[in-house]
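Let me begin by presenting the structure, written as structure tokens, before commenting on it.
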Amino acid sequence: MSRTLLSGNEAVARGAWEAGVAVGVGYPGTPSTEVLESLVRYDSVRCEWAPNEKVAAEVAGGVSLGGRRTLVTMKHVGLNVAADVLYTQAYTGVTGGLVYLVADDPGMHSSQNEQDTRNHAAAAHVPLLEPSDSQEALEYVISAFRISEAYDVPVIVRMTTRISHAKTLVEVGERSEMVGSSYASHPPKFVMMPGNARLRRIDLESRMTALQAYAETASENRVEMRDASLGIVTSGIAYQYVREALPDASVLKIGLVNPLPDRLLLDFRSRVERLAVVEELDPYLTLRLKALGVDLVDTGLPTIGELSPMAIAVAFGGEVPATREPIPDLPPRPPLLCPGCPHRGIFHGLAKMRAIVIGDIGCYTLAALPPLKAMDSCVCMGASIGMARGMELVGSADRPVVAVIGDSTFAHSGITGLLHMAYTGSCATVVVLDNRTTAMTGHQGNPVSGVALGGDPAPAVDLEALCGALGAASVRVVDPHDLDATLAVLKHEVAQDHLSVIIAKAPCALIVKEHKDPFAVDEESCTKCGACVRLGCPAISYDENGRAVIDTTLCVGCSQCVQVCRFDAIVQVGPSCDIGGV
Ligand SMILES: Cc1ncc(C[n+]2csc(CCOP(=O)(O)OP(=O)(O)O)c2C)c(N)n1
């Protein structure tokens, strides 16, 4: 045993390795991404990015069916995509242990919505464990594999951003090698046609009943008796906040969140004068206690966003922890596309055309913000193409409708949308932003970029051939840094009576190893027209006289600003060149 500092995500990976997992598979999504990026560094584990969470869950299901332990990772919204798999895997049960690592994002630091995965566990009838720090993250993952095999069910380990990303000390152990048994076919358990599924449905209930009995004494559920005048039922990160804000309160810390230990909850109630629940997001524990007829202190804590020790202290009239005053008058720093981002070229063109842009999720969603303001909708991964088809069906717009989707997002869930368009005779225009990476979540490889988890080369799909095979009548490739050519292709394709795909192909500026020389503004020639500033490049701003100025340390020489300047006021300079009067 040795102690080391690990983030929650790193600890999950360590726990999976110690538990002897054979395969880790998932799809990136903040705050879950680092689990597989960490697990891939261990020996004896095969790790893969799947094109989406459903495929990942299916791969994991196959590994389990083959008798080996497997971890499948995703963010909360990813479980919606994988839910079809999980809900029936609950019926089949497992052979090798099957654990879902699902990371929720209360407060939506990096997500399009706020979901509480505890509800999925209850609805799918699968156990869910929720750690409160990195040590528990490691231990709960090991427990999850044990529970999965002992109770013949997939298990969810739920993290939240603070647990995933905070680092705490962890005692690490060694790997237990799990020897898989040879495969034995068992169709009544694994072929979920109605006759078999009805029996497995009943079996699932008896497995959950057995688990409920286990929950009553499970080490993951812990009573900490202190002052009996106030008892708190809590779980996950909320437990840490309770300990900080209400150090004297007695606590029932729930680690196995589904199924809940009813007798333990009632027993704890009888040992304290007043009982309250402190939980982040939905009133999950609260509703269960209310269903048990327990009277609860109304804390008034929000069910939206993240909790904090401060909010808890205020809710209980306790001592408010000292905090630093916010620094006054800090300028706002809205997120922007990076200097040299190829996405900017497409959105510049779409804005010029006054297109209705049905967007999708990725770095390019930032084009919705000023100054580009070139996106009209963004709902969930892959939604752009189907929604653009819907807009086309309504036909109410007097402006062209264009779907815009990133390469990773297209592989995730755009392909079927395009197939639908082709199948239904759509004449829409779809732009695939192929920046050769999954940029938004930290540059993971994907089937379009042809880079495997861990960085090795992998077979890449031929995007042009794929779009053609799906039924696009025209597939054009453009360099989005070439603004005029890109605009010309966009204008031409939206005017056609057929389904078009435009592939905007240029690597993300952050993966380009060698950049071109930067540009600078010639003060004399600058007319203050602001055309370059309206590109929204962080390297370009106004000086105190209202003229454009380029920060040459940020500029990567993409030349988009040069192309929009009608006064030849932007010139290339060497990296170490003193631009002097220029
Ligand atoms: C179902 C689901 N899984 C994962 C995510 C996290 N996520 C948001 S955008 C994105 C992919 C972005 O890559 P890409 O489409 O290539 O666009 P880029 O960021 O490179 O511009 C991912 C993985 C999510 N929002 N929803």
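Amide H to amide H, with H built 1.01 Å from N, Gln444 comes under 5 Å of Thr438, counting only residues 5 or more places away or on other chains. One compactness figure for region 438-555 is 1.40, namely its Cα radius of gyration divided by 2.2 N^0.38 Å.
If you take the Cα centroid of region 63-77 and the Cα centroid of region 16-38, the two points sit 9 Å apart.
Express as a percent, rounded to the nearest 5, the fraction of DSSP beta bridges in the chain (both residues included) that run antiparallel. Rounded to the nearest five, the antiparallel share is 25 percent. Sorting the segments 184-190, 554-560, 305-311, 393-399 by their residues' average number of neighbouring beta-carbon atoms within 10 angstrom, most packed first, yields 554-560, 305-311, 184-190, 393-399. Label-to-label distance, Ala465 versus Cys529, with points set 7 angstrom from Cα along the beta-carbon direction: 4.5 nm. The calculated 222 nm mean residue ellipticity attributable to helices in the chain amounts to -10000 deg cm²/dmol, summing -39500 (n - 2.57) over DSSP H runs of n ≥ 4 and dividing by all residues. Highest mean packing first, where packing is the average number of other Cβ atoms within 10 Å per residue, the peptides 31-43, 90-102 line up as 90-102, 31-43. Relative protection proxy for 422-433, 69-80, 356-367, from highest mean packing down: 69-80, 356-367, 422-433 (other beta-carbon atoms within 10 angstrom). The slack between Gln112 and Asp517, meaning 0.36 nm per residue of separation minus the straight C-alpha distance, is 142.1 nm. Compared with the dominant principal axis of the Cα atoms in the chain, helix 383-394 is inclined by about 70°. Taking every DSSP bridge with both residues inside region 222-315, close to 25 percent are antiparallel. When the solvent-accessible area of region 343-505 is split by element, carbon and sulfur atoms take up 56 percent of it, the probe being 1.4 Å. How many angstrom separate the Cα center of region 157-204 from the Cα center of region 251-316? Rounded to whole Å, the Cα centres lie 28 Å apart.
Derived value for the chain: Kirkwood hydrodynamic radius 26.3 Å. Basis is the mean of 1/r over every pair of different alpha-carbon atoms. With the simple model of a label 7 Å out from the Cα in the direction of the Cβ, Glu177 to Tyr542 spans 6.9 nm. Note on Val223 and Ser2: with the Förster distance fixed at 41 Å, the Cβ-Cβ geometry gives a FRET efficiency of about 0.85.
Taking a straight line from the alpha carbon of Lys167, these lysines sit under 23 Å away, with near neighbours fewer than eight places off in the same chain left out: Lys75, Lys253.
Given +1 at the Cβ of Lys and Arg, -1 at the Cβ of Asp and Glu and no other charges, the dipole of the chain around its Cα centre is 1060 debye to the nearest 20.
Surface composition of region 519-572: carbon and sulfur atoms hold 47% of the protein heavy-atom accessible area at a 1.4 Å probe. In order along region 448-464, the phi-based Karplus estimate (6.51 cos²θ - 1.76 cosθ + 1.60, θ = phi - 60°) of 3J(HN,Hα) comes to 7, 7, x, 10, 8, 4, x, x, 6, x, 9, x, 9, 6, 7, 4, 4 Hz; Gly and Pro are listed as x. Rolling a 1.4 Å probe over the heavy atoms of the protein chains gives the chain an accessible area of 43 Å² per residue.
The values are calculated or read from the model by the stated rules, or taken from the named source; none is laboratory data. Keep in mind the model is a prediction, meaning the values are calculated, not measured. For neighbour counting, all protein chains shown are included, and Cβ atoms are generated from backbone atoms with ideal geometry for every residue, glycine included. What goes into the accessible areas is simple: the full protein's heavy atoms, side chains included, and nothing from ligands, DNA or RNA. Shrake-Rupley method; radii C 1.70, N 1.55, O 1.52, S 1.80 Å.
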